[in-house]
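S.K.: Provided herewith is a single structure, encoded as structure tokens, for subsequent inquiry.
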Amino acid sequence: MVNTRSWWACGCALVMASTMLTGCARVVTGSARLADSAPVPITQLLIEPARFPPRYPAAVLDGTAVYRALHDIDGVAAGSVVTPAECAPPPVAAHQSVAAEGIDSATASSLIVTVTRPAPALRKRGEQLRRCASFTTAHSGARSDVTVTMLPEPPVDADDTLAVDQTVTPQAPGPVRRTLTFTAQIGDTRVSATWLHQGEAEVPDTASLHTLFNDAVVKVRRSA
């Protein structure tokens, strides 16, 4: 390789008649910059239903079911009035989300994995939940009390994480709904795994939830 000093000293001569370059060599370092590749479709970031625990036969949800699942995770039905108002969850972007759900018919519990992109900073959602340890919702005349418990952040390879144990208790007679949700943010992509149960008290299946969440995060990390 010709170094910079010898390159300047090579004595290039341009002969007008023949346009011949002699005794010179120029070394260009670096490589051509490739155009940014297209982002991976969000559907390819969602963990496959076959990877759910066997007791939770799963399927990918369609658009309407995704919308319902996102509201179930937040504990607030679409169109509800939340008091205090600052505790209302951010608007659900169902068209920017995909989800898969597996149901354990023996316990009437389910596991739900969601992926949303683009998603706002998870830190803001965590701050809101910490301020809103309890709030009420009203929908079509039915009122419910929601309690939120923040849990230690799950240890996964992500930019930010949070864990939330949430209970929705109707003020009139009716089933209690409990969710345990782990969420991670990787760049502008958010992935969550939720254990959901409605009815009589049931011990959360934390072992299955942890495994599914870890696998879902790895899927996003490797594919995004």
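The values are calculated or read from the model by the stated rules, or taken from the named source; none is laboratory data. Remember, it's a predicted structure, so these values are computed and weren't measured experimentally. Virtual Cβ from ideal backbone geometry, glycine too; neighbours counted across all protein chains shown.
S.K.: One residue is enough: does region 8-16 have a residue meeting the conditions at pLDDT below 95, assigned to a loop (DSSP other than H, G, I, E, B) and surrounded by 12 or more Cβ atoms within 10 Å (Cβ to Cβ)?
M.R.: yes
S.K.: Which of the numbered conditions does ILE186 fail, given that it passes all the others? Conditions: (1) more than 18 Å from the chain's Cα centre (by Cα); (2) within 26 Å of SER223 (Cβ to Cβ); (3) β-branched (Val, Ile, Thr).
M.R.: Only one criterion is unmet by ILE186, namely (1).
S.K.: Looking at VAL156, VAL82, which is the one that is over 27 Å from ALA207 (Cα atoms), in contact with a Phe, Trp or Tyr (Cβ under 8 Å, 6 or more places away or on another chain) and surrounded by 17 or more Cβ atoms within 10 Å (Cβ to Cβ)?
M.R.: VAL82
S.K.: Show me the strands (runs of 3 or more DSSP E) entirely contained within region 157-210 in which 2 or more residues are among the small types (Gly, Ala, Ser).
M.R.: Numbers: elements: 160-170, 177-186, 189-198.
Those strands (runs of 3 or more DSSP E) span 189-198.
S.K.: If I ask for residues that are in contact with a strand residue (DSSP E or B) (Cβ under 8 Å, 6 or more places away or on another chain), surrounded by fewer than 21 Cβ atoms within 10 Å (Cβ to Cβ) and either charged (D, E, K, R) or under 21 Å from LEU151 (Cβ atoms) (or both), which ones from region 90-106 would you list?
M.R.: Once the filter is applied, which keeps residues that are in contact with a strand residue (DSSP E or B) (Cβ under 8 Å, 6 or more places away or on another chain), surrounded by fewer than 21 Cβ atoms within 10 Å (Cβ to Cβ) and either charged (D, E, K, R) or under 21 Å from LEU151 (Cβ atoms) (or both), region 90-106 yields only ASP104.
S.K.: Only residues in region 192-220 that are over 15 Å from ILE47 (Cβ atoms) count as the first member; pair them with residues that are at pLDDT 95 or above and aromatic (Phe, Trp, Tyr), Cβ under 8 angstrom, at least 6 apart or cross-chain, and list the lot.
M.R.: PRO204/TRP195; ASP205/TRP195; THR206/TRP195
S.K.: Just name the residue that is nearest to ALA163 (Cα to Cα) out of those in region 107-122 that are surrounded by fewer than 19 Cβ atoms within 10 Å (Cβ to Cβ) and touching a residue at least 60 places away in the same chain (Cβ under 8 Å).
M.R.: Of everything passing the filter in region 107-122, ALA121 is nearest to ALA163 (Cα to Cα).
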